[in-house]
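The values are calculated or read from the model by the stated rules, or taken from the named source; none is laboratory data. Since the model is a prediction, treat every value here as computed from it, not as a measurement. Here the Cβ positions follow ideal geometry from the backbone for every residue, glycine too, while neighbour counts run over all protein chains shown. Heavy atoms of the whole protein, side chains included, go into the accessibility calculation; ligands, DNA and RNA do not. Shrake-Rupley method; radii C 1.70, N 1.55, O 1.52, S 1.80 Å.
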Amino acid sequence: MEKAFTPIDSASIDDTIADGEADYLHLPVKPLSLFTAQRVDLALQRLEHYTGSHAANIQRFVLFTNYQLHTDVFLEYAGSLTPGNPQGYTALVCPGDARYEIGAVPTPGKCREHAHASQMPAYHLLRDDKCGITIIDIGVGPSNAKTITDCLAVTRPHCWMMVGHCAGLDGRMRIGDMILANGYDRADGVLDEYVPLEKPIPPIAEVQLAVVGAMQRVSGLTGDELRKRLRTGTVLSTSDRNWEWRSQADLYRELQKSTAIGIEMESATIAANGYRFRVPYGALLSVSDMPLHDKPKLPKSARAFYQSSKEEHLMAAVRACEDMAADPTDLHSRKLRRPVGEVAFR
């Protein structure tokens, strides 16, 4: 039997539904979901291209990083699991669609064997209910963050979260302190056309609480000691990696009216696209340098910081995802739904 199909037509692929630009009042047939079939199809194919594994492996909890050291901690965690583990993980899938059953996960080096062929290698700890964890090394910058979240949005994650490093702005901070973003100063410019700057990007309370609880368990800290180590505040995302090379007068004028306590490059884009596509979001960042306080990121000190912080940082995010997976329906806060013209299915 001859089979017919409709090829992908880029002229018919856009995000007018998700962006609230469809004419809901006059459409004879209202859209049921945020994305058209062709938009979904193309995004799934691009995910396979970027991540090096089939999109069907992507789990409902997604962590973003731009450091191999974080993926190594994730792979070591996968290798420590045993069959029948309480978290319900059944297998690990690596770039090249290499699948390893839990209990037979090889070394991180073996798991990364085909990662070089992918722009944004992804690793997936699978659960039968798809509420496992995917970690993706997205590289550096807000454009990469937009690219991957544009595509991942069609898989309808329960949560995506940035696990990265930032520059601390508060002189009372210490290298290695954690920042849990509860506000985003969007200076990167990547999504301004789609999410106007005057639209607030609210923190997702369920994600915030999960991260705080997980950090407490992983670090063993409580009370004032935990508050000193894990700070909440506004994160400023920029598209300029060398932002601190500007004159001191320019930096002072820019930051004088900001409440930001950290600067990095990806978190605001990930949060804004989460807001745009109704995907709960978060950012857990570790302070790796404080250039305005004479503590720039230099090779020797950076290596020492990475080694001392990587496990606690990544595992706090992993444990938070595992806690949220216990009841993911709690995550889909009404604050991400639009009061006018919202689709029937998320």
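Computed from backbone phi, the HN-Hα couplings of the stretch 162-179 come to 7, 10, x, 10, 8, 8, x, 9, 7, x, 7, 6, 10, 4, x, 4, 9, 10 Hz, rounded to whole numbers (Karplus: 6.51 cos²θ - 1.76 cosθ + 1.60, θ = phi - 60°; Gly and Pro given as x).
Highest mean first, what order results for 84-95, 224-235 on Cβ atoms within 10 Å? Numbers along the way, then the final one.
Values: 84-95: 18.4, 224-235: 15.8.
Averaged packing, sorted descending, gives the order 84-95, 224-235.
In a fully extended conformation the segment linking Val29 and Arg174 would gain 46.6 nm over its present Cα-Cα distance, using 0.36 nm per residue.
Ligands, DNA and RNA left out, the 1.4 Å accessible surface of the stretch 4-95 is 57% carbon and sulfur atoms. For Thr238, the residues 5 or more places off, or on other chains, whose built amide H falls under 5 Å of its own are Glu264, Met265. Quick one: if you stick a label point 7 Å off each Cα along the C-beta vector at Asp240 and Lys110, how many nm between them? Inter-label distance under the simple model: 4.8 nm. Quickly work out the Phe345-to-Thr222 label distance, labels modelled 7 Å from Cα along the C-beta direction, and quote it in nm with one decimal. Here the modelled spin labels are 4.6 nm apart.
Would you mind classifying the stretch 113-219 by shape? Square roots of the alpha carbon gyration tensor eigenvalues, ordered a ≥ b ≥ c; an a/c under 1.5 is rounded, otherwise it is prolate if a/b is larger than b/c and oblate if not.
Since a/c stays below 1.5, the shape of the stretch 113-219 is classed as rounded.
Net charge dipole, the chain: roughly 600 debye, given to the nearest 20, about the Cα centre with Cβ charges of +1 for Lys and Arg and -1 for Asp and Glu. Is the stretch 193-346 rounded, prolate or oblate when judged by the Cα gyration tensor, a ≥ b ≥ c being the square roots of its eigenvalues, rounded requiring a/c under 1.5 and prolate requiring a/b larger than b/c? Here the stretch 193-346 falls in the oblate category.
Rounded, prolate or oblate: which fits the stretch 24-152, taking a ≥ b ≥ c as square roots of the Cα gyration tensor eigenvalues, rounded meaning a/c under 1.5, else prolate when a/b beats b/c? Could you put the intermediate results ahead of the total?
Values: a/c = 2.48, a/b = 1.66, b/c = 1.49.
It is prolate, given that a/c is not under 1.5 and a/b is the larger ratio.
Please report the relative contact order for the chain, taking Cα pairs under 8 Å with a sequence separation of at least 6, and give it as a percent rounded to a whole number.
Working: 640 pairs, mean separation 77.9, N = 346.
So the answer I get is 23 percent.
Of the residues Leu180, Tyr275, Ile136, the one whose Cα sits farthest toward the positive end of the charge dipole of the chain, with +1 on the Cβ of Lys and Arg and -1 on the Cβ of Asp and Glu, is Leu180.
Cβ under 15 Å from Ile8's Cβ, Ile8 left aside: what net charge do those residues give with Lys, Arg +1 and Asp, Glu -1?
Working: positive: Arg39, Arg46; negative: Asp9, Asp14, Asp41, Glu48.
Around Ile8, the charge tally is -2.
Across the stretch 183-195, coupling constants 3J(HN,Hα) worked out from phi with the 6.51/-1.76/1.60 Karplus curve, θ = phi - 60°, read x, 9, 9, 8, 9, 8, x, 6, 10, 4, 5, 9, 10 Hz, and Gly and Pro carry x. A 1.4 Å probe run over the protein chains yields, for the chain, 47 Å² of accessible area per residue, whole-number rounding.
To put it simply, the accessible area of the stretch 101-196 at a 1.4 Å probe is 46 percent carbon and sulfur.
Legend: calculated FRET efficiency, Asp128 to His49, from the Cβ-Cβ distance at R0 = 25 Å, rounded to 0.05, equals 0.40. Reducing the stretch 210-229 and the stretch 14-89 to their Cα centroids gives an inter-centroid distance of 29 Å. Ordered by 1.4 Å accessible area with all protein chains kept, His332, His26 run largest first as His26, His332. Each label was represented as a point 7 Å from its Cα along the Cα-to-Cβ direction; for Gln68 and Ser258 these points are 3.1 nm apart.
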